[in-house]
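Novice: Input: one structure, supplied below.
The numbers here are math on the coordinates, done by the rules we state, and not lab data. The structure displayed is predicted, hence computed values, not measured ones. Note: ideal-geometry Cβ built from the backbone for every residue, glycine included; neighbour counts use all protein chains shown.
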Amino acid sequence: MSPLDRIANVSILKQHDVDKLYKVETRPAPGASDQFCFLVRPRVRTMRFIADIVNADKMSGRSRKYKIIFSPQKFYACEMVLEEEGVFGDVTCDEWSFYLLPLDEDIISMELPEFFRDYFLEGDHRWINPVARALQLLNSLYGPFGKTYGIGRCAKMSYELWRDLEEESESEGQGRKPEIGHIFLMDRDMDYVTALCSQVVYEGLVDDTFRIKCGSVDFGPDVTSSDKSIKVLLNSQDKV
């Protein structure tokens with residue numbers, strides 16, 4: 001399941017004139033629509049895949065409209081790849097500022113699995129801005145935070161950028177009664193152990209066995225005793 005599935009399922013998208021859906025790794029059929037809309041993460045390899053589709057259409061003389069929507073934001077590196085591949089002028093780009101996804105009544109996630117690799121392994125700071133924007137969104141929704149605590153370089157940069165954003169704009173949450181008392185920002189490299197420990201709760205067992213993605217789990221035919229798989233949303237109200 002992707003974050004989009006939590007917001008708009010296939011039937012809702014079709015009600016808004018979406019003809020067919022394809023995964024990014026799947027090349028659309030040759031006779032598909034005259035308009036392609038790519039809702040993607042800002043990744044270089046994804047830009048090269050899109051560029052291959054556009055260039056293939058140009059080689060065959062096929063004319064289409066292409067729109068790329070980056071979520072949570074577009075990066076300069078992606079635009080450079082499109083330009084290098086010679087398709088920047090053939091596509092229009094936009095952003096979907098999607099920073100927070102509610103997985104349960106008391107759990108909100110940014111759903112950025114690439115953050116750890118990009119920042120802590122490759123030294124890429126581009127995800128700092130989305131984190132700061134997410135803090136700004138929380139502040140506008142739930143009112144000013146009581147106190148903010150942080151440990152680690154990434155936490156410090158995220159906090160400082162968030163404060164700069166707050167100073168530049170009049171936050172909608174300033175007049176609200178605070179609903180969040182404390183915010184804790186902690187770099188993952190300050191505590192690897194917690195993430196590597198065995199999960200000793202039932203949902204942890206489900207995650208180890210089937211993998212929980214975006215707050216849901218897929219049970220295959222070997223579990224459902226049928227020819228079909230089922231997808232179950234996991235939250236405090238689920239039957240699992």
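Novice: Mind checking the range 1-97 for trypsin sites (Lys or Arg not before Pro) that DSSP puts in a loop (not H, G, I, E or B) and that have at most 10 other Cβ atoms within 10 Å? Each step should come with its number before you reach the end.
Specialist: Details: sites: Arg6, Lys14, Lys20, Lys23, Arg43, Arg45, Arg48, Lys58, Arg62, Arg64, Lys65, Lys67, Lys74; in loops: Lys20, Lys23, Arg43, Arg62, Arg64, Lys74.
Hits after loop and neighbour filter: Lys23.
Novice: Could you tell me the calculated FRET efficiency between Tyr149 and Phe219, based on Cβ-Cβ distance and R0 = 35 angstrom, to the nearest 0.05? Present the calculation step by step, with values, prior to reporting the outcome.
Specialist: Numbers: r = 39 Å, r/R0 = 1.13.
Plugging the Cβ-Cβ distance into 1/(1 + (r/R0)^6) gives 0.35.
Novice: Normalised by the residues of the chain, what does the relative contact order come to in percent, with Cα pairs under 8 Å and at least six apart? Please report the intermediate quantities before stating the final value.
Specialist: On the way: 265 pairs, mean separation 33.4, N = 240.
Here the relative contact order equals 14 percent.
Novice: Counting other C-beta atoms within 10 Å, which of Leu141, Leu135 has the fewest, and how do the rest follow?
Specialist: Numbers: Leu141 14, Leu135 23.
Lowest to highest Cβ neighbour count: Leu141, Leu135.
Novice: Tell me which chymotrypsin sites (Phe, Trp or Tyr not before Pro) from the range 7-94 have a DSSP coil assignment and no more than 15 other beta carbons within 10 Å of their own. Write out the running numbers ahead of the final one.
Specialist: On the way: sites: Tyr22, Phe36, Phe38, Phe49, Tyr66, Phe70, Phe75, Tyr76, Phe88; in loops: Tyr22, Phe75.
In loop regions of the range 7-94 (DSSP not H, G, I, E or B), the sparsely surrounded chymotrypsin sites (Phe, Trp or Tyr not before Pro) are Tyr22.
Novice: To continue, here is another question. Just grab the label-to-label distance for Ile69 and Gln237, each label 7 Å out from Cα along the Cβ direction, in nm (one decimal).
Specialist: 2.6 nm
Novice: Simple spin-label model, 7 Å along Cα-to-Cβ: Tyr202 to Ser169 in nm?
Specialist: Output for this residue pair reads 4.1 nm.
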